[in-house]
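Before I ask anything, here is the structure I am working with.
Here, each number is a calculation from the coordinates, and none is a lab measurement. Here the structure is a predicted model, which is why all the values come from computation and not from measurement. As a convention, Cβ positions derive from the backbone with ideal geometry for all residues, glycine included, and neighbour counts pool all protein chains shown.
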Ligand SMILES: [Zn+2]
Ligand SMILES: [Zn+2]
């Protein structure tokens, strides 16, 4: 039985072994990528902003953002290519959220993380103690 699934882009049934989307969508995405890439790689378009790229290529900001997040478009080469933070909509150039949203989330998570770290460390210590105990036992046999 092949691994059939609905394509997340168009909803068609497809075999999910090769790609996360169906062939038709894959082709569409590739064509869009080529369009975007052909546009921004031109020297005179290096400074293009996101909306200029959208206007020039007809590819949606969503798709372009996707290419950036996939690492297919390197924003470092395109200083004005920004996309909105997933949390507050502020323009960002890497990751999914802006640094202030990240800070907010992190300060909330930090106490949780610290707690987790402590229990991990305890577990680690426990394991080490257990192993020492056993290797001592083995040696005495
Ligand atoms: Zn599809
Ligand atoms: Zn944000």
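Starting from region 24-38, keep only residues that are on the phi > 0 side of the Ramachandran plot and free of Cβ contacts under 8 Å to residues at least 12 places away in the same chain, then list their pairs with residues that are part of a helix (DSSP H, G or I) and within 16 Å of ligand 1 (Cβ to nearest atom) whose Cβ atoms are within a distance under 7 Å, requiring at least 6 positions of separation or different chains.
That search, which allows pairs on different chains as well, returns nothing.
Sort out which residues of region 81-103 are more than 9 Å from ligand 2 (Cβ to nearest atom) and surrounded by fewer than 17 Cβ atoms within 10 Å (Cβ to Cβ), and write them in order of number.
91, 93, 94, 95, 96, 103
Report yes if some residue within region 4-11 is part of a helix (DSSP H, G or I), more than 19 Å from the chain's Cα centre (by Cα) and either surrounded by fewer than 17 Cβ atoms within 10 Å (Cβ to Cβ) or within 16 Å of ligand 1 (Cβ to nearest atom) (or both); otherwise report no.
From region 4-11, those part of a helix (DSSP H, G or I) are none; that's our starting set.
Checking region 4-11: not a single residue is part of a helix (DSSP H, G or I), more than 19 Å from the chain's Cα centre (by Cα) and either surrounded by fewer than 17 Cβ atoms within 10 Å (Cβ to Cβ) or within 16 Å of ligand 1 (Cβ to nearest atom) (or both).
Would you confirm whether or not region 16-26 contains a residue that is out of contact with any strand residue (DSSP E or B) (no Cβ under 9 Å at 6 or more places or on another chain) and buried (at least 17 other Cβ atoms within 10 Å of the Cβ)?
There is no residue in region 16-26 that is out of contact with any strand residue (DSSP E or B) (no Cβ under 9 Å at 6 or more places or on another chain) and buried (at least 17 other Cβ atoms within 10 Å of the Cβ).
Against the conditions (1) within 16 Å of ligand 1 (Cβ to nearest atom); (2) farther than 15 Å from residue 49 by Cα, where does residue 63 fall short? Just the number, please.
(2)
Moving to a separate point now. Residue check: is residue 36 within 16 Å of ligand 1 (Cβ to nearest atom) and within 21 Å of the chain's Cα centre (by Cα)?
No, not satisfied.
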